Amino acid sequence: MAFKRLDAEDFVVSADAVQSVAWSTGAPTLTSFYTSSTQAAGSSGNYYLSIYQTSSIDSTAVVQFDITYGNVNGSGSTAYNSLLPHYTPSSTIYGQYRSLVLEDENSPFTFGDGTNQITSNDFWALSIERARYKEKLFPGTFNLTLSGSGGFEKIQLTDNSNDVLTQTFIGTTRVLQVVSGSNGSAYSSTGYVTDSGSYGLFLPDIGTILLNPYAISQSIHVEATRSADLTNGTNQKTLCNSIIDGASFQLNSEETITSDYVFVRSRNAEFNYSENPSFISGSTGEVIYDQFINSPQVYVTTVGMYNDANELVAVAKLSRPLLKDFTKESLVRVKLDF
């Protein structure tokens, strides 16, 4: 065994973006959507509706995303206490997303920008199940088809990642506008709805899509019901039915993998001898074969990496033994992924 201290120039850091499908089906587009009557009727059903890729009683069923509805005034759901009509599941959801996205308990949600934007009192939210993506959603792969009553009216929504030149943030959260289009590009102009702003906000780093009910209503007449004391879960089911009828939700995830490359160099005069018992006499410590004294030959199979305390912290195995003698130099690249 031989040791050699690595220099600073032997280390290189690289970051690569890796994309994969978001859905557990392994397909980029989810076309079937199922709900659980047990979940919808339970306490969590007052706040959100979970969507599965297959029947919820199937052993392979796992949550793909959740649908929820938020209203700043508490409309569109039933009050916790009739004496406090504005405190409802929808107001709780609105406050939760306001803190998460806007990072301000008093700011409203605004959809669109420039001369065409709207400040909305409510929204639908699609929260992608955390297990469906490792780091963030991949802009440009979001394609969602919504269908109106009877399937006669449809819109396809995407983010506008290909149409913007600069990245926009709300607080510390990266945000893109949801527009009418596909694969990150609007079909025409901005892809907004006249006097109603964009169709929503695409928030890739927190796995969330907020949808603007006013824009959706104007396009395909899918309406959010804003009545007081509405049965909890009604608005979630409205959007769910529109997604089921649209039968197409495409989304990929993205992960940045950071790799450390370590270049281990052995010059011609280095690492030519071995402590293997077949090479050295165990009793005398002498080289067994005379021809190996001036012309040794060894095969490198493993590179071990040690810290300053002489503790082994990483091991790299070569794909095949590497012949080493005084006439050869070698360079082994070790890749460490985090």
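When you go through (1) farther than 30 Å from Leu126 by Cβ; (2) of a type in the set (Val, Ile, Thr); (3) assigned to a helix (DSSP H, G or I) one by one for Ile243, which number turns out not to apply?
Single failed check for Ile243: (1).
Would a scan of segment 289-296 turn up a residue that is touching a Phe, Trp or Tyr at 6+ places or on another chain (Cβ under 7 Å) and modelled with pLDDT of 85 or more?
Taking every residue of segment 289-296 in turn, none turns out to be touching a Phe, Trp or Tyr at 6+ places or on another chain (Cβ under 7 Å) and modelled with pLDDT of 85 or more.
Could you look through segment 88-127, keep only residues that are in a strand (DSSP E or B) and of a type in the set (Ser, Thr, Tyr), and pick out the one that is least open to solvent (accessible area, probe 1.4 Å)? Can you show your working first?
Pass one, segment 88-127, residues in a strand (DSSP E or B): 109-113, 116-120, 122-127.
After this cut, where a residue has to be of a type in the set (Ser, Thr, Tyr) as well, the list is 110, 119-120, 127.
Working: Thr110: 46, Thr119: 84, Ser120: 1, Ser127: 33 Å².
If we take residues in segment 88-127 being in a strand (DSSP E or B) and of a type in the set (Ser, Thr, Tyr), then Ser120 is least open to solvent (accessible area, probe 1.4 Å).
Check Arg226 against each of (1) open to solvent by 10 Å² or more (accessible area, probe 1.4 Å); (2) closer than 21 Å to Asn143 by Cα and name the one condition it does not meet.
The number of the failed condition is (2).
Whether any residue in segment 313-336 is open to solvent by less than 30 Å² (accessible area, probe 1.4 Å), over 38 Å from the mean Cα position of the chain (by Cα) and of a type in the set (D, E, K, R) is what I want to check. Step through it out loud before you land on a result.
In the first step, residues of segment 313-336 are kept if they are open to solvent by less than 30 Å² (accessible area, probe 1.4 Å); the result is 314, 316, 324-325, 330, 332, 334.
From what's left, over 38 Å from the mean Cα position of the chain (by Cα): 324-325, 330.
Right, trim to of a type in the set (D, E, K, R) and you get 324-325.
Yes, the conditions are met somewhere in segment 313-336.
Identify the residue in segment 1-24 that is part of a strand (DSSP E or B) and open to solvent by 80 Å² or more (accessible area, probe 1.4 Å) and, among all such residues, is farthest from Thr256 (Cα to Cα). Lay out the reasoning, then the answer.
Initial filter on segment 1-24 (part of a strand (DSSP E or B)): 11-21.
With the extra rule that they be open to solvent by 80 Å² or more (accessible area, probe 1.4 Å), the set shrinks to 11, 13, 19.
Working: Phe11: 19, Val13: 13, Gln19: 9 Å.
Taking the candidates together, the pick is Phe11.
State which residue is surrounded by the most Cβ atoms within 10 Å (Cβ to Cβ) when the search covers only segment 263-281 and only residues that are in a loop (DSSP other than H, G, I, E, B) and at pLDDT below 80. Can you show your working first?
Residues of segment 263-281 in a loop (DSSP other than H, G, I, E, B): 267-279, 281.
Applying the additional criterion that residues be at pLDDT below 80 yields 273-279, 281.
Working: Tyr273: 15, Ser274: 19, Glu275: 9, Asn276: 10, Pro277: 9, Ser278: 7, Phe279: 15, Ser281: 10.
Of everything passing the filter in segment 263-281, Ser274 is surrounded by the most Cβ atoms within 10 Å (Cβ to Cβ).
Out of curiosity, is Asp163 touching a strand residue (DSSP E or B) at 6+ places or on another chain (Cβ under 9 Å), free of Cβ contacts under 8 Å to residues at least 40 places away in the same chain and open to solvent by 60 Å² or more (accessible area, probe 1.4 Å)? Talk me through it step by step, then tell me what you get.
Working: touching a strand residue (DSSP E or B) at 6+ places or on another chain (Cβ under 9 Å): yes; free of Cβ contacts under 8 Å to residues at least 40 places away in the same chain: yes; open to solvent by 60 Å² or more (accessible area, probe 1.4 Å): yes.
Yes: the conditions hold for Asp163.
In segment 192-220, which residues are open to solvent by less than 10 Å² (accessible area, probe 1.4 Å), assigned to a helix (DSSP H, G or I) and of a type outside the set (A, V, I, L, M, F, W, C)?
Once the filter is applied, which keeps residues that are open to solvent by less than 10 Å² (accessible area, probe 1.4 Å), assigned to a helix (DSSP H, G or I) and of a type outside the set (A, V, I, L, M, F, W, C), segment 192-220 yields Pro204, Pro213.
Would you pick out the residues in segment 50-74 that are among the hydrophobic types (A, V, I, L, M, F, W, C) and in contact with an Asp or Glu (Cβ under 8 Å, 6 or more places away or on another chain)? Before the answer, list the steps.
The initial filter retains those residues of segment 50-74 that are among the hydrophobic types (A, V, I, L, M, F, W, C), namely 51, 57, 61-63, 65, 67, 72.
Across segment 50-74, the qualifying residues are Ile51, Val62, Val63, Phe65, Val72.
Only one residue in Ala61, Ala27 is of a type in the set (A, V, I, L, M), open to solvent by less than 30 Å² (accessible area, probe 1.4 Å) and part of a loop (DSSP other than H, G, I, E, B). Which one?
Values: Ala27 fails: open to solvent by less than 30 Å² (accessible area, probe 1.4 Å).
The match here is Ala61.
Within the set of pairs 6 or more residues apart or between chains, which connect a residue that is over 15 Å from Ala215 (Cβ atoms) inside segment 104-119 to a residue that is part of a strand (DSSP E or B) and among the β-branched types (Val, Ile, Thr) with Cβ atoms less than 6 Å apart?
Partner pairs satisfying both residue conditions: Pro108/Thr119.
Conditions tested, residue by residue: (1) modelled with pLDDT of 95 or more; (2) touching a Pro at 6+ places or on another chain (Cβ under 9 Å); (3) of a type in the set (Gly, Ala, Ser); (4) more than 25 Å from Ser24 (Cα to Cα).
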{"residue": "Arg98", "(1), (2), (3), (4)": "yes, yes, no, yes"}
{"residue": "Ser120", "(1), (2), (3), (4)": "yes, yes, yes, yes"}
{"residue": "Lys134", "(1), (2), (3), (4)": "no, no, no, no"}
{"residue": "Thr141", "(1), (2), (3), (4)": "yes, yes, no, no"}
{"residue": "Ser149", "(1), (2), (3), (4)": "no, no, yes, yes"}
{"residue": "Glu153", "(1), (2), (3), (4)": "no, no, no, yes"}
{"residue": "Leu157", "(1), (2), (3), (4)": "yes, no, no, no"}
{"residue": "Ser161", "(1), (2), (3), (4)": "yes, yes, yes, no"}
{"residue": "Ser182", "(1), (2), (3), (4)": "yes, no, yes, no"}
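What single numbered condition from (1) touching a residue at least 12 places away in the same chain (Cβ under 8 Å); (2) loosely packed, with under 11 Cβ neighbours inside 10 Å fails to hold for Gln291?
Gln291 satisfies all of (1) touching a residue at least 12 places away in the same chain (Cβ under 8 Å); (2) loosely packed, with under 11 Cβ neighbours inside 10 Å except (1).
So, in segment 229-240, of the ones that are in a loop (DSSP other than H, G, I, E, B) and open to solvent by 50 Å² or more (accessible area, probe 1.4 Å), which residue ends up nearest to Asn121 (Cα to Cα)?
Pass one, segment 229-240, residues in a loop (DSSP other than H, G, I, E, B): 229-233.
From what's left, open to solvent by 50 Å² or more (accessible area, probe 1.4 Å): 229, 231.
Values: Asp229: 17, Thr231: 19 Å.
This residue is Asp229.
Regarding Ser253, is this residue outside any helix (DSSP H, G or I) and farther than 30 Å from Val18 by Cβ?
Values: outside any helix (DSSP H, G or I): yes; farther than 30 Å from Val18 by Cβ: no.
Criteria not met by Ser253.
When Ala309 is evaluated against the numbered criteria (1) part of a loop (DSSP other than H, G, I, E, B); (2) touching a strand residue (DSSP E or B) at 6+ places or on another chain (Cβ under 9 Å); (3) at pLDDT 80 or above, which criterion, by number, is the only one it fails?
Single failed check for Ala309: (2).
The values are calculated or read from the model by the stated rules, or taken from the named source; none is laboratory data. Source: prediction; values computed, not measured. Positions of Cβ are backbone-derived with ideal geometry, glycine not excepted, and every protein chain shown enters the neighbour counts. Protein only, heavy atoms only, side chains kept; ligands, DNA and RNA dropped before computing areas. Shrake-Rupley method; radii C 1.70, N 1.55, O 1.52, S 1.80 Å.
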